[in-house]
Structure formats: C-alpha cells, structure tokens
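These notes are about the structure you will find just below.
Readers should treat all values here as calculations from the given coordinates under stated rules, not as data from a laboratory. What you are looking at is a predicted structure, and each value in this text was computed from that prediction instead of being measured. All Cβ positions, glycine included, derive from the backbone under ideal geometry; neighbour counts span all protein chains shown.
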Amino acid sequence: MTALGKLVRTTAFKLSFAYLLVFALFAAALLAYFAWTTRALVTSQIAQTVDAEITGLAEQYRQAGIRRLVLVVDARSRRPGSSLYLVTTAAGEALAGNVGSLPPGTLDRTGLIETPYHRPDETDDQREALVRVFQLANGFRLLVGRDLEERERLHTIIATAGHWSIALVVVLGLLGGFFITRRVLKRVDAMTAATQTIMAGNFGRRLPVVGTGDEFDRLADNLNAMLERIEALMRGLTEVSDNIAHDLKTPLTRLRNHAEEALRTASGETAYRSALESTIEESDGLIRTFNALLMIARAESGHAREAFETFDVAEIARDISELYEPLAEEDGLLLKVVADTALPVRGNRELVSQALSNLMDNAIKYAAPEGRACREGTTISIAAQEEGNWVLLSVADSGPGIAEQDRERAVERFVRLESSRTKPGSGLGLSLVAAVARLHGGELRLSDNRPGLVATIVLPRAPAAVEGG
Ligand SMILES: Nc1ncnc2c1ncn2[C@@H]1O[C@H](COP(=O)(O)OP(=O)(O)O)[C@@H](O)[C@H]1O
Ligand SMILES: [Mg+2]
C-alpha cells in the first residue's frame, strides 16, 4: 500500500473529507444565495429608477406636449451611461432616443421586460436591457430602460469570487485533512510497531504513551495494563511448568534407576517381582501427581463451572468423615464431626469433596504422632458452619501445624515444608484446595489451632430459594 493510499484509507481522512464536502456545499449554497439576492436587488433598483423617470417624463408630456418630450429625451439620450430612451409614434416610428432596434412586438408589451436590443450605431453587437414601455395619450409611446451590462459584470465578479473561495476551501480542507491524518497515522504506526516487537517476543515492551491524555493515550494505557497482566500470568505459567518438569523428573529418574539396578543385581523371580512391584508403586505416585495437576487445571480453567449444582456441604462433611474414620482410627486419632444443619452451596460437588479429602489427608498425615498410637485421643475436627453469607468447611488437627510465615508458601504448587519430607506427598494438595475455593468465589484460610492447624474452605452460601430445587 502506498503512503498516500494508506492516508486516504484512514478514518481520520474520511471524516475530514466528509466535513470538507459538507462545508464546501454549504459555502456554495451561501454564495449562490448571495449572488441571487444581489442580482434581485440590482434589478429592483433599476426598476425603481426607470419607474421614477417614466413618471417624470410622462408629466413633461402632459404639461408641454410631444415636442417638449422629444427634446428632453433627445438631450438625455446623448448623455453617456447605461440609460435607454425611445419615443415613438402610434405607428412605431422613432422620434427620439438611443435605442436602435428591438425585437418586433416589444413596444406592445407592458410591465418590466428583459429584452435584447441594438444601439442605433451598432448593428451586430446585441445587448441586454431591462425596459418598461409607457402608453402616452394620442398613441405616442415612451420606453425607458437600463442596459444590464453592469448587472452582469457584478454577477461575474461574485461568481468568480465564489469559485475561488470554494477552491480555497477545498485546498485548505484537504491540506488540513492530510495534516491531521498524518498525525493520527503516526500515532497508530508507533503503536503498531510496538505491538509487532511485542509479538516478536519482546514481552517487556510497552505501547508508547505521549502524555496528552487523549484517546490514544487512554487506549495505550489500557493495553499496557493488559500486557502487564498477561506478562504476570505468563511468568506464573513458566514457573509452574518449570516446577512440574523439575518435580516430575525426580520420581522418573528414581523409577529408572530402580529398574536399572534390578536388571543389574536382581537374580531370581522374587527379586524381579519385587522390583516390578516398586516400579508400579512409583508409577502410581506419578499418576496421582498428574491427576492432581489436571484437577487443579480444571478448577482454574473455569470449565468446572459448567457442572455447577446446588448441594449440601454438611452432607459432604459427614460423608468424608465417614470415609476417613477407619484410617483415623488406625492411626489412633479421634474424628469429630459438626455438620448438622444443611448448608446449600452452588458449585462443583466433586471438586469440593476432593478439596475436603485433601484437608483430611493432611490432617491425618501430619497430625498423627510418629510411630502411631502414642498419643491416644488426639482429635481431628471436621466442621461445616455458617457465617453470614458464607459457608465454612474446616478441618482442625492438633499436630505440629504450619508456622505463620510458611502458610502462604505451603499453598503453592509442589511446595512441601521441610518438616514433612519424610511423609509421602507431592505438595499439590493445598494448591487444589485453594484453586477450588477460588473457583467458587471463596478462599482457603490457614490458621493456628494451638496446637495444630485449622484449614478452612470459605464458600459463598447459595440463595435459600434454590435449596431443594
Ligand atoms: N495439617 C497440617 N499440619 C501440618 N503441616 C501441614 C498440614 N497440612 C499441610 N501441611 C504442610 O503443607 C505442605 C503442603 O501440603 P499439601 O499441599 O497438601 O502437600 P503434601 O500433603 O503433598 O505435602 C505439606 O507438605 C506440609 O508441610
Ligand atoms: Mg496433602
């Protein structure tokens, strides 16, 4: 596309052009009106003087007769100027005046007439005149008029001025349009150039902001804010995928080394069998990690909203505690449930159940004293309560808890605190709980149980009307 073509195609130029057209049309209409009224004014002035002269000459005729009229007309005809006179007999024979010939029948017409005529001494030069014919007594006729040359000249002057001013308007308008459009184009080009470098991979680049606060600046500001957000998201994504790669590499390497070692050292069916069994165990761990990652992704993508339904959170709390009862008992833990009143929540039942299971997992895993059954009577409380418009789903234990400064970190993906390294796990449990809470417009709160940890899933309570519907 040529530079001019690009310029002409812009909205700014099209707008300027439309304005120019409207303005030029308006100017043309104004000038035409002006020309027409001047012409009408001149015509009416000529008519007035012609009428006045006719009245005067008719008076002369009435008082002093045809001879006197002929003398006066003859004298006036000799004066230079645009005045025209003619006195004729009833038969049309000229007695005095400076009009040579007229189209036949002109003398029989009444009222003001625009007519062509010839001067007595010129035969080929036809002129235009505005005349009035007056019938005198005894059949004589008096014609008084004005040559229209001056009116035409005035008209020409106005028309020329009009043409020139419209041409000027068009030229100035086009220049202005080009100027404005070029400025607009420069801004747009600068923005385009910036976007292209961003698209080419320079994500730190931002759109130029001139600082005038105009619409381009506002657009650039908003786009820059968007880029900032995208960059932060991408950084997060890179971090997560780095973590995933790193955290999956360790178990995979372990898996591979076990297999290799078995090949090298094992002899006999039992040894191979046990090597294969540990391989399967490791693989199961990997599959669990993948499943957890996929579930977090599902909770974060928002697709899980499609499966939203209204369900009772208290019921879920009871189900989960029932499910974990044998496990807790085995570890010598006492399980307490407080979930009596129905608490409706609109959400994804499966994900909320999974989140609560994760919290129970942690409580049992980390609260149970090492070497089990030592501190008989340690309790884990699971509760579903209501607080204003919120539903609180909490699991409290009396284990070591999480130090205040570690709580934020513990929620991050793959983070396992130093003290927990001896226990199995992938560090994804709390990440899923937090993602599920966010999906429902709520949050995960970790607090101190003195001693132990209280993990609370805060969810918005569903409107009562939906309940049971
Ligand atoms: N109830 C708890 N008591 C003490 N520490 C906990 C508890 N729950 C979680 N944690 C700490 O938070 C970390 C992250 O938990 P989580 O995301 O569930 O991962 P995982 O259980 O796989 O280690 C755990 O490694 C542990 O250090
Ligand atoms: Mg866990």
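For the chain, calculate the relative contact order in percent as a whole number, restricting contacts to Cα pairs under 8 Å that are 6 or more residues apart.
Details: 615 pairs, mean separation 46.9, N = 469.
10 percent.
Around the Cα centre of the chain, unit charges on the Cβ atoms of Lys, Arg, Asp and Glu (plus for the first two, minus for the last two) sum to a dipole of about 2860 debye. If you find the alpha carbon centre of the stretch 321-361 and of the stretch 149-216, how far apart are they in angstrom? What the calculation gives is 69 Å, centre to centre. Please sort by residue number the trypsin sites (Lys or Arg not before Pro) in the stretch 388-469 whose DSSP state is loop and whose Cβ has at most 13 other Cβ atoms within 10 Å. Counting only loop positions with at most 13 other Cβ atoms within 10 Å, the trypsin sites (Lys or Arg not before Pro) in the stretch 388-469 are Arg421.
Using a Cα-Cα cut-off of under 13 Å, which aspartates and glutamates could be cross-linked to Lys336, ignoring same-chain neighbours fewer than 8 residues away? Leaving aside aspartates and glutamates fewer than 8 places away in the same chain, those within reach of Lys336 are Asp319, Glu322, Glu325, Asp397. Computed 3J(HN,Hα) for the stretch 98-108, one whole-Hz value per residue from the Karplus formula 6.51 cos²θ - 1.76 cosθ + 1.60 where θ = phi - 60°, is 10, 9, x, 9, 10, x, x, x, 4, 6, 8, glycine and proline marked x.
Neighbour counting of Cβ atoms within 10 Å sorts the residues Ile287, Ile364, Ile380, fewest neighbours leading, into Ile287, Ile364, Ile380.
Within straight cross-link reach of Lys249, meaning Cα distance under 14 Å, which aspartates and glutamates are found once same-chain residues fewer than 8 apart are removed? Straight-distance partners of Lys249: Glu282.
Relative to one another, the C-alpha centroids of the stretch 390-422 and the stretch 11-73 are positioned 99 Å apart.
Of all the C-alpha pairs in the stretch 82-176, what % are more than 16 Å from each other?
On the way: 2770 of 4465 pairs.
Roughly 62 percent, rounded to a whole number.
The antiparallel fraction among DSSP beta bridges confined to the stretch 336-425 stands at about 70%.
Can you give the % of DSSP beta bridges in the chain that are antiparallel, to the nearest 5?
Values: 48 of 54 bridges.
Around 90 percent of the beta bridges assigned by DSSP in the chain are antiparallel ones.
Taken about its Cα centre, the stretch 1-135 carries a charge dipole of about 660 debye when Lys and Arg each add +1 at the Cβ and Asp and Glu each add -1 at the Cβ. Proximity of backbone amide H atoms, modeled 1.01 Å from N, is registered between Gly100 and His118, Arg119 at under 5 Å, excluding neighbours fewer than 5 places apart on the same chain.
Restrict the search to the stretch 388-420; then list the GluC sites (Glu not before Pro) that DSSP places in a loop and that have at most 15 other Cβ atoms within 10 Å of their Cβ. If you can, show how the numbers build up before the last one.
On the way: sites: Glu404, Glu408, Glu412, Glu418; in loops: Glu412.
In loop regions of the stretch 388-420 (DSSP not H, G, I, E or B), the sparsely surrounded GluC sites (Glu not before Pro) are Glu412.
For the chain, the membrane-span-like helix rule (DSSP H, alpha carbon extent of at least 24 Å along the helix axis, mean Kyte-Doolittle at least -0.5) picks out 11-78, 149-199, 269-301, 313-330, 349-367; this says nothing about an actual membrane.
Taking only the Cα atoms of the chain, how large is their convex hull per residue, in Å³?
Residue-normalised Cα hull volume stands at 348 Å³.
For the stretch 334-343, the Karplus equation 6.51 cos²θ - 1.76 cosθ + 1.60, evaluated at θ = phi - 60°, returns couplings of 9, 9, 10, 10, 10, 7, 9, 7, 5, 10 Hz by residue, with Gly and Pro reported as x.
Looking at the stretch 4-113, the pairs of alpha carbons with a distance over 18 Å make up 68% of the total.
Over the stretch 277-435, one equal point on each Cα, no solvent: what is log10 I(q)/I(0) by the Debye formula at q = 0.09, 0.17 Å⁻¹? Reported log10 I(q)/I(0), two decimals: -0.32, -1.16.
What 222 nm value per residue comes from the helices of the chain, counting each DSSP H run with n ≥ 4 as -39,500 (n - 2.57) and dividing by all residues, nearest 500 deg cm²/dmol?
After summing the helix terms and dividing by the residues of the chain, the value is -20000 deg cm²/dmol.
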